[in-house]
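Q: Can you read through this structure? Questions will come right after.
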Amino acid sequence: MAIDVAHYEGREQAFVKHTFLDKYLPALIGKVCSRYDEFVYVDGFAGPWKSAAGENFDDTSFGIALNHMTSQRLLYLSRGRNVRMRAFLVEKDPSSFAQLQRAVALYPKIEITPLNGKMEDHVAAIVASIPQESFSFTLIDPKGFPAIGSMMPLLQRQNAEALVNFMFDFANRFGGTDLIPALEEWLSTSAPDDWRKRIKAVSGEQRERLYEELAVQALRQTSGYVYAPVITVDKVLHNRPLYKLIFLTRHSEGLKVFRDSERSALDAQAITRSASKAKKREACTLMGDLFADGFDAVPNDRSTQVIRRSEEEASRRLQAMLTTANSGFCKWKECWPPILEELSVTHSWLGRHVNDRRKAGQISAPAWPSERTQIPRDEQQLRWNG
Ligand SMILES: C[S@@+](CC[C@H](N)C(=O)[O-])C[C@H]1O[C@@H](n2cnc3c(N)ncnc32)[C@H](O)[C@@H]1O
């Protein structure tokens, strides 16, 4: 069941995050079910938090995950595959935990373990109970900063992916102080001696990029992921980032699913921000006059601009990659992962872009299967003709 934007008034950022999960999780679980006998979902900071969907929890991360796990389990059972599905849901706050316990009954097809207390104290037992050959997805989504070192045993699992929320806005406000020991722990993993000095030396977008790099690098270097792309979730009424969702995967297939899901999240972000700003304008005639020129419309939103700039840059990178290929040719399966790793473009967009360039005569693609083929096959050789 699709998530309902009406449940997210005043917490539109959660709508962006949940749109990502709602698209990404069914795709991930579907792939996992065809190859693994067990899928484990770990929600370390589960909530429910400011849920407005009542007792069906459709606007919570665990509700979205458990609904998709249920549908995929039933789908695979109908195909004769009995994939075990388990979930560990950890929540510190006693009243949220009481709601979490009630929620368990809604998902009888999933083996759910609700755990009260701090995630930091439960990680070791959770990891110990997941067999090596099972696949796990971990969501780390606290309101502030987790003690990141204690999350590592979960992130370090080999058959695993994760989404980690880095509270950029808090970091940016308090990074100059030593008020947040968990931030200190996280960022000093990447730059033990000088992260604060480096941060102080830059400002604006450069500072934002540096925070992101340090946060990502700490996760990557300790847990050995190949890809760690990031979604920037913005404040609703201001053109500034609120938090960064860092995705961790060891496989290019994960990257592909990530970019599709990110696209839905960025579209949702552009629409909700634009609508919220319009609402605010209605309430303020003066601003209505100031911004009546469409400044805040969807095509001008920061998310839409990220997509537009990424597509332009992806086109340039592809050309550069093909022009500098050693043998003159480059296989498609070697072209797309480095581009998707850094830029917000989907696999299908890039594939169709290659096809457009092929039809325009700029790219040679020997033995292209048929004019109906839109996206290159993995082994397809490509060469830039200019
Ligand atoms: C941002 S909310 C989670 C939202 C949820 N992931 C979602 O998207 O629906 C963070 C939750 O973590 C809980 N929490 C805070 N610190 C915690 C800790 N150390 N261990 C477990 N839960 C914690 C809070 O009570 C709150 O319910």
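The values are calculated or read from the model by the stated rules, or taken from the named source; none is laboratory data. Predicted, not measured: the structure shown is a model, and the values here were computed from it. Backbone-built Cβ (ideal geometry, glycine too); neighbour counts: all protein chains shown. The accessibility values were calculated without ligands, DNA or RNA, using every heavy atom of the protein model including side chains. Shrake-Rupley method; radii C 1.70, N 1.55, O 1.52, S 1.80 Å.
Q: Does Thr189 count as buried (at least 17 other Cβ atoms within 10 Å of the Cβ), in a strand (DSSP E or B) and assigned by TED's automatic domain parsing to the domain that holds Ala27?
A: no
Q: Just for strands (runs of 3 or more DSSP E) wholly inside the stretch 104-173: which have at least 1 residues that are among the acidic types (Asp, Glu)?
A: 111-116, 160-166
Q: In this structure, is Arg86 touching a residue at least 24 places away in the same chain (Cβ under 8 Å) and more than 9 Å from the ligand (Cβ to nearest atom)?
A: So Arg86 passes the test.
The rows are residues; the columns are (1) over 27 Å from Pro153 (Cα atoms); (2) more than 12 Å from the ligand (Cβ to nearest atom); (3) open to solvent by 30 Å² or more (accessible area, probe 1.4 Å); (4) not in a loop (DSSP other than H, G, I, E, B).
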{"residue": "Gly30", "(1), (2), (3), (4)": "no, yes, no, yes"}
{"residue": "Ser34", "(1), (2), (3), (4)": "no, yes, yes, yes"}
{"residue": "Ser51", "(1), (2), (3), (4)": "yes, no, yes, no"}
{"residue": "Ile64", "(1), (2), (3), (4)": "no, no, no, yes"}
{"residue": "Asn67", "(1), (2), (3), (4)": "no, yes, yes, yes"}
{"residue": "Leu77", "(1), (2), (3), (4)": "yes, yes, yes, yes"}
{"residue": "Gln99", "(1), (2), (3), (4)": "yes, no, yes, yes"}
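Q: I've got another one for you. Any residue at all in the stretch 344-351 that is of a type in the set (Gly, Ala, Ser), part of a helix (DSSP H, G or I) and free of Cβ contacts under 8 Å to residues at least 40 places away in the same chain?
A: So far as the stretch 344-351 goes, yes, one or more of its residues are of a type in the set (Gly, Ala, Ser), part of a helix (DSSP H, G or I) and free of Cβ contacts under 8 Å to residues at least 40 places away in the same chain.
Q: Take Lys118 and tell me if it is open to solvent by 40 Å² or more (accessible area, probe 1.4 Å), within 11 Å of the ligand (Cβ to nearest atom) and at pLDDT below 95.
A: no
Q: Select from the stretch 207-225 the residues that are within 12 Å of Gln156 (Cα to Cα) and touching a strand residue (DSSP E or B) at 6+ places or on another chain (Cβ under 9 Å) and list them in ascending order.
A: Result: Leu219, Arg220, Ser223, Tyr225.
Q: From Leu139, Leu183, which residue is out of contact with any strand residue (DSSP E or B) (no Cβ under 9 Å at 6 or more places or on another chain) and within 16 Å of the ligand (Cβ to nearest atom)?
A: Leu183
Q: Considering only residues that are buried (at least 18 other Cβ atoms within 10 Å of the Cβ) and modelled with pLDDT of 95 or more, which ones fall in the stretch 103-115?
A: Tyr107, Ile110, Ile112, Pro114, Leu115
Q: Could you count how many residues in the stretch 169-186 are in contact with a helix residue (DSSP H, G or I) (Cβ under 9 Å, 6 or more places away or on another chain) and either open to solvent by 50 Å² or more (accessible area, probe 1.4 Å) or over 30 Å from Ile339 (Cβ atoms) (or both)?
A: Of the residues in the stretch 169-186, 11 are in contact with a helix residue (DSSP H, G or I) (Cβ under 9 Å, 6 or more places away or on another chain) and either open to solvent by 50 Å² or more (accessible area, probe 1.4 Å) or over 30 Å from Ile339 (Cβ atoms) (or both).
Q: For the stretch 358-370, what are the residues that are assigned to a loop (DSSP other than H, G, I, E, B) and within 34 Å of the chain's Cα centre (by Cα)?
A: Result: Gln362, Ala365, Trp368, Pro369.
Q: When you look at Thr373, is it of a type in the set (Val, Ile, Thr), modelled with pLDDT under 95 and farther than 30 Å from Ser303 by Cβ, yes or no?
A: no
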